[in-house]
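Student: First the structure, which I've put down as C-alpha cells, then a few questions once you've had a look.
Coordinate-derived values only; no laboratory data. Only a predicted model underlies this, so the values are computations on that prediction, with no experimental measurement involved. Cβ placement follows ideal geometry from the backbone for every residue including glycine, while neighbour counts extend to all protein chains displayed.
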Amino acid sequence: MEPRWQKQGYLFLASQNISLFGTMVTGYAITWYISLKTGSGLWLALATVCYLLPQILISLVGGAWADKYSRKWLIMGADGSIALLTLILAIIWGTGHQSIWLLLGFSVLRSIGQGIQQPAVSSAYPQLVPEDELTRINGINQTVMSLATLLSPVLGGIILANFNLVWALMVDVFTAIIELACMTKIKLKAVRQTVEAVEESIKQNEQDLLSGIKYLYQNTKLRQLFILAGIGFLMMTPATVLSLLFVQREFGASVTNLTLQEIFWAGGSVLSGVMVAKHKEFKNNAKVLGMAIAAFAFIMMLMGFSPVIGIYFAAMFALGVCSPYYMTT
C-alpha cells in the first residue's frame, strides 16, 4: 500500500505544475504579441518590468502571509484571482478593446497574484511531504518545471500563430480551473502562528539579511564574486530581453522564429541542468562563474554577427547550456 502522503503530495505537485504551465504559455504569448506588434525595445522593457517587479515586491510579504494564513486558501485565492483577471482580459480583448497598455496593466495584476501564490506553494511542500522524501520530490518538481519551460513556448507559439491572443489567455484560465479542482482534494492544515511569532520571523529575516550584507562586506573574495555576478547579470539581461527584437529585425517577425528561439534556449538549459546536477559541486566556483560569464558574452557577441538563423539558434542553445553554470555557482 502506498504511503498516505504520496497521493496528496503528487496531486499537489501535478496541480501546481499544470497551473505554472498555463501561466507560462500565456506569459510567452503576451510578450510575443507586444514584441511583434510594437517592435520596440521600450515596450518590451515595460512588459518585463510589469511581469517581474510586482511579483518580486509582493513576495517579500508573501512569505509572512504564508506563515500567518492558510496556505491552501492563499494558493487557491491567488490562482483563482489570476484566472478571473485573465478571463476578464480575454473578454475585453475579444470584444475589440485591444491596447498594449491594457496588457501591461493586467500583467501587473497577474504578477501580484503570482507573488502571493509562489511563497505559499514553496511552504506547502514540507507540510505534505516527509522530510526524508522532500529532496526526491523537489528533484521531480524541477524536472517537470524544466519540461514545462521547454513545452510552454511550443504551445504558446502554435496558439498565437494559428488562432489569436484570446485563446492563449484562455489556456491559463483552463489550467487554473484544473489546479483549483485538484486543490479541493488536498488536505493542507492551516499553520496558525500568532502575530508576535510572525513579527519575530520577519524581524529574524531582517537580521539575517543585515548579517549577510555585513559578512559579504568583510569577506573580500566573496564580495568580489558577488560584484562579478552582479555585473554579469546586469550586462546580460538587456541582451537576453531584446533578443526578441533582434530575431524580428534580422530574420523576420514571425511567431515561429520567436518560438524556436525559446525552445533552443530551454533545451540547452535543461540539458546543462542535468549535467550540473550530476556534477553536484565545483572545486572553484569563482572560476566556473567567470568562465560561464565569459562564454555567455562571447556567444552573445557571435549571435550579433549570425549570417543565418540556424547559426543564431545554435548560439541560443549554447547560451542555454551556459545558464545553469552561471545560476548555480
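Student: Under Stokes-Einstein, with the Kirkwood radius over Cα pairs standing in for Rh, what whole-number D in µm²/s applies to the stretch 99-172 at 4 °C and 1.567 mPa s?
Tutor: Reported coefficient: 86 µm²/s.
Student: Starting from the Kirkwood Rh over alpha-carbon pairs, what translational D in µm² s⁻¹ does the stretch 19-64 have by Stokes-Einstein at 25 °C and 0.890 mPa s?
Tutor: 208 µm²/s
Student: Please report the spacing between the Cα centers of the stretch 1-56 and the stretch 96-115 in Å, no decimals.
Tutor: Result: 13 Å between the Cα centres.
Student: Using the charge dipole of the chain (Lys, Arg: +1 at Cβ; Asp, Glu: -1 at Cβ; taken about the Cα centre), state which of Y215, Y312, S323 has its Cα farthest towards the positive end.
Tutor: The listed residue farthest towards the positive side: Y215.
Student: Let me confirm the definition first: pairs of Lys residues in the chain, 8 or more apart or on different chains, C-alpha distance under 28 Å. How many are there?
Tutor: Within the chain, the lysine pair count is 22.
Student: Using the Kirkwood radius built from alpha carbon pairs, what does the Stokes-Einstein equation give as D for the chain at 37 °C and 0.692 mPa s, in µm² per second?
Tutor: Calculated translational D: 152 µm²/s.
Student: Given only helices, namely DSSP H runs of n ≥ 4 each adding -39500 (n - 2.57), what is the per-residue ellipticity at 222 nm of the chain, to the nearest 500 deg cm²/dmol?
Tutor: Rounded to the nearest 500, the figure is -30500 deg cm²/dmol.
Student: Further question: In Å, what Rg and Dmax follow from the Cα atoms of the stretch 4-183?
Tutor: Computed over the Cα atoms of the stretch 4-183, radius of gyration and Dmax are 16.6, 53 Å.
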